[in-house]
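The values are calculated or read from the model by the stated rules, or taken from the named source; none is laboratory data. The structure displayed is predicted, hence computed values, not measured ones. These accessible areas exclude ligands, DNA and RNA; they are computed on the full protein's heavy atoms, side chains included. Shrake-Rupley method; radii C 1.70, N 1.55, O 1.52, S 1.80 Å.
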Amino acid sequence: MKIFKNIAGIFVILLGGLWMLQGSNIITGSRMSDNKEWLVIGAMLVIFGAVLLYMNNRPAAPTY
């Protein structure tokens, strides 16, 4: 399950990065190009993916 969450987190980060590049008009040729809404959605996806990776890979809390 841990490897699936890592793969999902990386995929979400890459997808969010793509949407950010399209929203900021760096990657052109789609309906998403130069649309600031996709820039914001992409940024939220990148943050979500980073949190998913962090939560999945953080050290376990010590048990006393």
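Values computed for the structure shown
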read-out: Surface share of carbon and sulfur [accessible, 1.4 angstrom probe, percent] for the chain; value: 72 percent
read-out: The chain: angle of helix 2-23 to the longest principal axis, Cα-based, in degrees nearest 10; value: 20 degrees
read-out: Helical contribution to [θ] at 222 nm, DSSP H n ≥ 4, -39,500 (n - 2.57), averaged over the chain, rounded to 500; value: -24000 deg cm²/dmol
read-out: Heavy-atom accessible area per residue - the chain, 1.4 Å, Å²; value: 76 Å²
read-out: Over the chain, relative contact order from alpha-carbon pairs under 8 Å, at least 6 apart, %; value: 38 percent
